[in-house]
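The values are calculated or read from the model by the stated rules, or taken from the named source; none is laboratory data. On a predicted model such as this, the values are computed, not experimentally measured, just so you know. Glycine also receives a Cβ, built like all others from the backbone with ideal geometry; neighbour counts cover every protein chain displayed.
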Amino acid sequence: MTSTAPAVRRSRWAALAVLCAGFLMIILDQTIVTVALPSIQADLAFPAADLTWVVNAYLIPFGGLLLLAGRIGDLVGRRRVFLTGIAVFVLASLWCGLATDRTMLIVARFVQGAGGAITSAVILGMIVTLFPDPRELGRAIGVYSFVGAGGASAGLLLGGVLTEALSWHWIFFVNVPLGALVVLAGLRSLADDRGPGLRHGADATGAVLVTGALMIGSYAIVGATDRGLGSGHTLTSGAVALVLLGAFLVRQATARTPLLPLRVFRSRSFSGGNLVLGLMLAGMLAQMFLGSLYLQLVLGYTPVQIGLSYLPVSVTIGLLSVGASAPLNARFGPRRVAVTSLVLIAAGLALLGRAGVGGDYLTDVLPALLCLGVGGGLAFPALVTIAMSGTGPEDSGLASGVNNTVQQVGGALGLAVLATAAAARSADLLGRGADRLTALDGGYDAGFAAATGIVLTAAVLGAVLLRPARD
């Protein structure tokens with residue numbers, strides 16, 4: 001028995017490495033495309049108004065399929081769903097890289113987003129199943145958190161390097177060999193779990209309703225950045241999404257085999273943890289989106305310089321999420337760690353809002369990024385641990401899908417709100433006679449101020465909702 005224990009532990013960590021490699025591919029793709037957009041626009045003659053669809057075509061299916069894919073993983077086996085998602089993602093990446101016109105690229109990006117959702121939806125559920133010991137689970141989630149944060153920052157740097165050294169096509173081609181390795185390693189390292197079958201939760205009506213609601217909702221959110229939160233398009237799409245979501249919830253309350261058993265929301269840890277996590281990401285995405293724009297358009301940084309500027313965030317998150325988050329959660333409890341870290345994130349966002357037109361990286365930007373790195377490196381693992389602890393193993397795939405959906409929708413909605421606030425403030429300053437740089441900087445300051453308020457709200461809710469009592 002004792003001789004096999006180390007081998008079992010090694011196999012679990014090998015499986016975690018495979019899962020994190022797949023997760024890294026998905027995270028990289030969400031940011032690597034950003035810095036290549038100007039090159040894609042020039043090469044494929046994208047009108048400026050249509051260029052956002054290179055991103056939106058990915059985000060809509062990604063946000064819409066997470067919940068459904070997570071539940072299917074519980075029913076038919078998470079390993080099978082994970083490997084299928086990787087295969088779809090890799091083939092779609094190859095298709096994207098070979099694109100010769102706008103339509104081909106947008107369609108391929110839609111398929112790629114679907115593959116990304118299928119892959120991401122089951123990863124957390126598989127990690128929770130792999131590591132039943134709370135201390136090991138804390139370390140595993142720390143590694144997962146580091147991959148997510150590090151991959152987002154690395155995507156900016158890698159996208160700039162590949163685009164400048166080769167061409168934009170290679171930001172997609174790079175996924176092909178990596179994905180092939182993940183599939184081969186997954187076949188060897190991931191246990192072939194078998195779920196109870198689709199007949200135990202194949203609520204086709206519910207699947208159509210929730211997928212439609214999330215896709216239309218994602219469409220409304222990503223379109224709000226250009227059209228505005230109060231536009232007729234955004235309000236109509238949002239209303240349709242809410243009606244479909246309401247119909248889905250009614251269906252789940254009455255269906256014999258619901259796709260999303262509403263009992264999971266009775267858990268205070270599950271519901272409260274996901275709510276606070278969604279708010280945190282809604283605010284924290286400002287440091288990536290608005291911060292990158294500030295560095296590029298106000299301070300004049302190149303894409304590669306932007307990527308290098310964010311390396312301290314990745315390093316800090318990596319050191320803390322892997323080395324410190326699990327011991328701190330064990331000693332002080334994930335609730336205290338999360339609330340304290342959220343306050344630190346808010347402080348970092350407030351500091352970014354104080355950087356001006358003549359801002360200096362070392363004195364104005366780096367201290368803020370370090371606050372965000374420390375806060376993010378501790379808050380994210382703590383909140384994920386809280387949220388995932390509120391469900392049983394039979395629902396871990398569903399919980400993973402819900403958690404990823406909350407992250408995606410929360411981040412996208414926050415980004416739409418913050419981008420709208422920044423644009424409105426910039427337009428107001430231009431109308432008052434301010435010069436372009438001052439107007440841009442003022443807009444970003446407004447966005448950071450709104451983000452600070454959102455994260456402080458998350459901290460207050462965390463202190464109130466995430467009480468240390470067990471569910």
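So the values come out like this:
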{"quantity": "Test set (1) more than 17 Å from Gly376 (Cβ to Cβ); (2) in a helix (DSSP H, G or I); (3) of a type in the set (Ser, Thr, Tyr) - Tyr301 fails condition number", "calculated": "(2)"}
{"quantity": "Which listed residue, of Ala422, Ala458, Ala412, Ala427, is surrounded by fewer than 22 Cβ atoms within 10 Å (Cβ to Cβ), of a type outside the set (Ser, Thr, Tyr) and either in the same structural domain as Val276 (by TED's automatic domain parsing) or more than 23 Å from Val276 (Cα to Cα) (or both)", "calculated": "Ala427"}
{"quantity": "Residue in the stretch 245-288 that is farthest from Phe448 (Cα to Cα), counting only those that are crowded, with 22+ Cβ neighbours inside 10 Å and of a type in the set (Phe, Trp, Tyr)", "calculated": "Phe248"}
{"quantity": "Any hit, the stretch 354-371, residues being under 30 Å from Phe270 (Cα atoms), surrounded by 21 or more Cβ atoms within 10 Å (Cβ to Cβ) and in contact with a Pro (Cβ under 6 Å, 6 or more places away or on another chain)", "calculated": "yes"}
{"quantity": "Test: residue in the stretch 55-73 that is at pLDDT below 75 and among the small types (Gly, Ala, Ser)", "calculated": "yes"}
{"quantity": "Odd one out for Asp101, checked against (1) surrounded by fewer than 24 Cβ atoms within 10 Å (Cβ to Cβ); (2) more than 23 Å from Val54 (Cβ to Cβ); (3) out of contact with any Lys or Arg (no Cβ under 7 Å at 6 or more places or on another chain)", "calculated": "(2)"}
{"quantity": "Qualifying positions in the stretch 100-124 - touching a Ser or Thr at 6+ places or on another chain (Cβ under 9 Å) and more than 18 Å from Leu75 (Cβ to Cβ)", "calculated": "Ala108, Gln112, Gly115"}
{"quantity": "Selection status of Asp192, modelled with pLDDT under 80, under 24 Å from Arg78 (Cβ atoms), surrounded by fewer than 17 Cβ atoms within 10 Å (Cβ to Cβ) and more than 22 Å from the chain's Cα centre (by Cα)", "calculated": "yes"}
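This table checks each residue for (1) surrounded by fewer than 24 Cβ atoms within 10 Å (Cβ to Cβ); (2) over 25 Å from Ser314 (Cα atoms).
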| site | (1), (2) |
| --- | --- |
| Leu65 | no, yes |
| Val111 | yes, yes |
| Ala117 | no, no |
| Ser145 | no, no |
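Conditions (1) under 30 Å from Ala140 (Cα atoms); (2) out of contact with any Gly (no Cβ under 7 Å at 6 or more places or on another chain); (3) in the same structural domain as Ser269 (by TED's automatic domain parsing), marked per residue:
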site	(1), (2), (3)
Gly307	yes, no, yes
Leu311	yes, yes, yes
Ala324	yes, yes, yes
Ala330	yes, no, yes
Val343	yes, yes, yes
Ala350	no, yes, yes
Gly358	no, yes, yes
Ala368	yes, no, yes
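A quick yes/no check of all residues on (1) surrounded by fewer than 23 Cβ atoms within 10 Å (Cβ to Cβ); (2) modelled with pLDDT under 80:
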{"position": "Ser3", "(1), (2)": "yes, yes"}
{"position": "Pro6", "(1), (2)": "yes, yes"}
{"position": "Arg9", "(1), (2)": "yes, yes"}
{"position": "Ala17", "(1), (2)": "yes, no"}
{"position": "Leu24", "(1), (2)": "yes, no"}
{"position": "Ile32", "(1), (2)": "no, yes"}
{"position": "Ser39", "(1), (2)": "yes, yes"}
